[in-house]
1. Taking 32 Å as the cut-off for C-alpha to C-alpha distance, list the pairs among Lys2/Lys44; Lys2/Lys207; Lys11/Lys88; Lys44/Lys95; Lys44/Lys92 that go past it.
2. Starting from the Cα gyration tensor of the range 160-216, take the square roots of the eigenvalues, sort them a ≥ b ≥ c, and report rounded, prolate or oblate (rounded when a/c is under 1.5, otherwise prolate if a/b is larger than b/c, else oblate).
3. What is the set of long-range amide H partners of Phe125 at a cut-off below 5 Å, with H atoms built 1.01 Å from backbone N?
4. For Ser111 and Met192, what is the calculated FRET efficiency with R₀ set at 35 Å and r taken between the beta-carbons, to the nearest 0.05?
5. In whole Hz, what ³J(HN,Hα) sequence does the range 53-66 give by Karplus (6.51, -1.76, 1.60; θ = phi - 60°), x for Gly and Pro?
6. Can you pull the one-decimal nm distance between simple spin-label points at Ser157 and Ile200, each 7 Å off the Cα toward Cβ?
7. Apply the Kirkwood formula to the chain: the hydrodynamic radius equals the inverse of the mean of 1/r over all pairs of different alpha-carbon atoms; give it in Å with one decimal.
8. Counting only the backbone N, which residues of the range 77-106 are under 12 Å from the spot 7 Å out from the Cα of Arg68 toward its beta-carbon?
Amino acid sequence: MKLFIDSGNLKEIEALVPLGIIDGITTNPSLLAKEGGDYKSILKKICQIVKGPTSAEVVATDADGMIREGRELAAIDEHIVVKVPFTKDGVKACKALSSEGKKVNVTLVFSPTQALLAAKVGAYFVSPFVGRLDDIATSGMGLIREIVDIYENYQFSTQILVASVRHSIHIVEAARMGADICTCPAAVIEGMFRHPRTDIGLERFLKDWEKAQAVKV
Ligand code: E4P
């Protein structure tokens, strides 16, 4: 399963990419708004650091505007994946941009029917939001199960990008279901590393080693 960072923050991205575990980045207007500065140059820098798919979202709400913005975003770097919201206009824009060879991420997906339609118009990624579904007492991971089944039935090539991830259990379940990608806030990725038994075990190994060296002297 590929692992993306859900962030527009260069420091977070620069800290995690050298570990070799990051395959791409997702941003959205809320994340980039937090950073300030010129969003196009931030996106360019992100692409140069990660050298992998970097989702950048349009803010137009009509299909023509989305297509225009999508082309502008795609011109920033070869790694840009144009993100469009799941609306009728977004679906139309996805079809148009995909037909001209651009990679499109259809976002704000909350139902299996939306995911089916996104695949039909050639989305490169589909982004179901699991955390925001959990927030309203609906199983986010249940949605992922349904999309995995539907895409397998018809051999759709659209990759399932599990979004709005809040904790490690989302990641484990996504991996067990065979979802293609999880995009996670940096703090959630940090959490994947931690286990108190690892820290205790390492401390003990090093102490035992030190003791043995002291005896030799
Ligand atoms: C995905 O592409 C979105 O940017 C993101 O995962 C939304 O997550 P949130 O629900 O934590 O805002």
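1. Those over the limit are Lys2/Lys207; Lys11/Lys88.
2. On the way: a/c = 4.93, a/b = 3.65, b/c = 1.35.
Prolate, since a/c reaches 1.5 and a/b exceeds b/c.
3. Val104, Asn105, Val106, Gln159
4. 0.80
5. Coupling constants for the range 53-66: x, 10, 7, 10, 9, 6, 10, 5, 10, 9, 4, 4, x, 5 Hz.
6. Between Ser157 and Ile200, the simple spin-label model gives 5.0 nm.
7. Computed over Cα pairs of the chain, the Kirkwood hydrodynamic radius comes out at 18.4 Å.
8. Answer for this model: none.
Throughout, read-outs are computed from the coordinates displayed, never taken from laboratory work. Note that this is a predicted model, so its numbers are computed, not measured. As a convention, Cβ positions derive from the backbone with ideal geometry for all residues, glycine included, and neighbour counts pool all protein chains shown.
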